[in-house]
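A.B. asks: Questions regarding the structure given below will be posed in turn.
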Amino acid sequence: MSVIFSLEAEPSLSRETLLHWLREKDPSALETLWRHADETRKAHVGDEVHLRGLLEISNHCVRSCGYCGIAAYREGLTRYRMTAEEIRDGARLAAEVGCGTVVMQSGEDYGLTREFVAEAVRFVKGDVGLAVTLSLGERPEGDLEAWREAGADRYLLRFETSDAELYERIHPSLPGRHSDRFAQLRQLRRLGYEAGSGVMVGIPGQSLESLAEDLLAFCELDLDMIGIGPYIADPATPLGKSLASLGEEQAPASEELVLKMVALARLVRPDANLPATTALATMDRAQGRELGLTRGANILMPNLTPAKYRRLYAIYPDKAGADQGPTQTVEGIKAKILALGRTVGHGPGGRASTRS
Ligand code: SAH
């Protein structure tokens with residue numbers, strides 16, 4: 001391997017090196033990448049795998065993202081919003097099964113009012129004693145401020161792709177409100193949140209070059225958490241019907257490319273928290289989570305959404321775990337962690353506490 005593409009030689013990987021690895025096809029060369037990512041994970045965040053209990057608190061959404069199955073335009077989908085009591089029960093369950101964090105995720109739903117969410121945050125933080133991550137879309141600064149004051153620790157907002165033109169195409173702005181997730185991530189940092197972002201891999205029209213730019217953006221934003229999953233086409237969405245492709249340079253929505261992105265994300269942001277995502281597990285039910293965990297990831301997010309809502313949070317089709325009860329999900333996940341010779345993390349598992 002030539003020196004410029006060596007993983008040891010460079011403290012921060014160049015655009016050229018990143019692109020080289022994204023294009024690499026030779027399995028024995030890729031072994032080097034997997035090994036470096038795993039060693040870097042072990043050196044910087046250790047063997048603990050932290051569990052974040054996911055509550056999908058609403059599938060209402062004002063947005064019309066071309067990739068997402070719960071977008072506003074989606075007809076024939078029963079919409080739900082969890083009650084305060086259901087959220088409280090979910091948080092208690094998360095604590096019982098050993099999660100250090102509750103992640104509340106939803107469509108961009110203004111029916112989830114500032115005060116409703118603040119109250120839920122106070123309960124999870126104050127009464128149950130777990131860390132709180134929010135992933136509620138592009139909310140106004142006043143909401144983000146109020147939730148931070150109520151005790152929320154982290155916020156997840158994927159920028160989806162750093163290709164501005166592609167982003168605009170798949171994620172239309174709301175009238176009069178230009179969508180700039182980079183600006184919003186900086187705002188989250190200013191407010192004192194740990195900031196999480198990430199991308200989908202294999203969006204029609206996404207190039208390998210733009211994936212290299214995504215990795216550079218992870219560095220520039222100094223992200224605390226990075227979620228990377230395959231784009232999964234949903235025929236109920238405009239993008240799911242699209243046949244757009246860049247030919248040779250089109251990034252495939254393949255498991256190997258997702259794993260390369262996870263491994264490279266670990267190398268460029270050694271102490272960040274990286275989940276092995278549900279989308280990866282959906283693409284490879286047999287071993288997606290394990291492959292993620294052995295190629296850079298250190299976080300799993302068991303889905304604790306009440307059974308009656310699970311299928312309705314249909315951001316993409318056939319989501320892994322949609323048919324399992326929470327205890328079954330968590331027990332299965334813990335068994336996988338132990339089988340890899342890793343341990344189940346205790347405590348909130350924020351970036352600050354794992355920073356080397
Ligand atoms: N409303 C919130 C949460 C969205 S769901 C927000 O927009 O931030 C969380 C993530 O699921 C999205 O950021 C997106 O990266 C991913 N997602 C949505 N649709 C998807 C699809 N069809 N395939 C793969 N991932 C998808």
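The values are calculated or read from the model by the stated rules, or taken from the named source; none is laboratory data. Bear in mind that the values here come from a model prediction, so they are computed numbers and not experimental data. All Cβ positions, glycine included, derive from the backbone under ideal geometry; neighbour counts span all protein chains shown. Surface accessibility is based on the protein's heavy atoms, side chains included, excluding ligands, DNA and RNA. Shrake-Rupley method; radii C 1.70, N 1.55, O 1.52, S 1.80 Å.
A.B. asks: What's the ranking of 236-249, 94-107 by average number of surrounding C-beta atoms within 10 Å, highest first?
C.D. replies: Result, highest mean first: 94-107, 236-249.
A.B. asks: In addition: Once amide H atoms are placed 1.01 Å from N in the peptide plane, what residues at a sequence separation of 5 or more from His171, or on another chain, have their amide H within under 5 Å of its amide H?
C.D. replies: Result for His171 returns Gly66.
A.B. asks: Ok, one more. Rounded if a/c is under 1.5, else prolate if a/b is larger than b/c, else oblate: which is the stretch 1-110, with a ≥ b ≥ c the root eigenvalues of its Cα gyration tensor?
C.D. replies: oblate
A.B. asks: Rg and Dmax of the stretch 99-149, using alpha carbons, in Å: what are they?
C.D. replies: 10.5, 29
A.B. asks: If pairing requires two Cys Cβ atoms under 4.7 Å apart, which cysteines of the chain are left without a partner?
C.D. replies: By the Cβ distance rule, which asks for a partner under 4.7 Å, the isolated cysteines are Cys61, Cys99, Cys219.
A.B. asks: What does the highest-first list of 255-267, 299-311 look like by mean Cβ count within 10 Å?
C.D. replies: In descending order of packing, they fall as 255-267, 299-311.
A.B. asks: What residues qualify as long-range amide H neighbours of Arg63, i.e. H under 5 Å apart, gap of 5 or more or another chain, H built at 1.01 Å from N?
C.D. replies: For Arg63, the qualifying residues are Ala72, Glu108.
A.B. asks: State the antiparallel share, in %, of DSSP beta bridges confined to the stretch 56-159, rounding to the nearest 5.
C.D. replies: 10
A.B. asks: Now for a separate question. Return the Rg/Rh value of the stretch 107-250, two decimal places, where both radii are evaluated on C-alpha atoms and Rh is the Kirkwood radius.
C.D. replies: That ratio is 1.01, to two decimals.
A.B. asks: Would you mind telling me which residue in Gly111, Gly53, Gly288 has the biggest mean-square fluctuation in a Gaussian network model of the chain, where springs connect alpha carbons within a distance under 10 angstrom?
C.D. replies: Evaluated over the chain, the most mobile residue of the options is Gly111.
A.B. asks: Within the chain, what is the number of lysine pairs with alpha carbons under 20 Å apart, leaving out pairs fewer than eight places apart on the same chain?
C.D. replies: Taking the Cα cut-off of 20 Å, the pair count is 8.
A.B. asks: Next question. Tell me the mean residue ellipticity at 222 nm calculated for the chain from its helices only (DSSP H runs of n ≥ 4, each -39500 (n - 2.57), averaged over every residue, nearest 500).
C.D. replies: After summing the helix terms and dividing by the residues of the chain, the value is -11500 deg cm²/dmol.
A.B. asks: A follow-up question, please. Taking θ = phi - 60°, what integer Hz values does the Karplus form 6.51 cos²θ - 1.76 cosθ + 1.60 yield along the stretch 203-212, in sequence order, with x for Gly and Pro?
C.D. replies: So the J values, rounded to whole Hz, are 5, x, x, 8, 9, 5, 4, 6, 5, 4.
A.B. asks: Explain nothing, just the number: relative contact order of the stretch 1-143, from Cα pairs under 8 Å at least 6 residues apart, as a whole percent.
C.D. replies: Relative contact order, the stretch 1-143: 22 percent.
A.B. asks: Next question, about the same structure. Where q = 0.13, 0.25 Å⁻¹, what log10 of I(q)/I(0) comes from the Debye formula for the stretch 186-236, counting one point per Cα?
C.D. replies: For the stretch 186-236 at q = 0.13, 0.25 Å⁻¹, log10 I(q)/I(0) is -0.39, -0.96.
A.B. asks: What is the set of long-range amide H partners of Ser58 at a cut-off below 5 Å, with H atoms built 1.01 Å from backbone N?
C.D. replies: Distant-sequence amide H within range of Ser58: Met82, Gly107.
A.B. asks: Please compute the alpha carbon radius of gyration of the stretch 231-356, then divide it by the globular-protein estimate 2.2 N^0.38 Å. Two decimals is fine.
C.D. replies: For the stretch 231-356, the normalised Cα radius of gyration is 1.17.
A.B. asks: If each Cα of the chain is one equal point scatterer, what is log10 of I(q)/I(0) from the Debye formula at q = 0.08 Å⁻¹?
C.D. replies: Values returned for q = 0.08 Å⁻¹ are -0.35.
A.B. asks: Same structure again: Looking at the square roots a ≥ b ≥ c of the eigenvalues of the Cα gyration tensor of the stretch 139-224, which shape do they give, rounded for a/c under 1.5, prolate if a/b is larger than b/c, or oblate?
C.D. replies: Here the stretch 139-224 falls in the oblate category.
A.B. asks: Rounded to the nearest percent, how much of the accessible area of the chain (1.4 Å probe, protein heavy atoms only) is carbon and sulfur?
C.D. replies: Percent of accessible area from carbon and sulfur atoms in the chain: 53.
A.B. asks: Enter the accessible area per residue of the stretch 153-237 (Å², integer; probe 1.4 Å; all protein chains in place).
C.D. replies: For the stretch 153-237, the per-residue accessible area is 34 Å².
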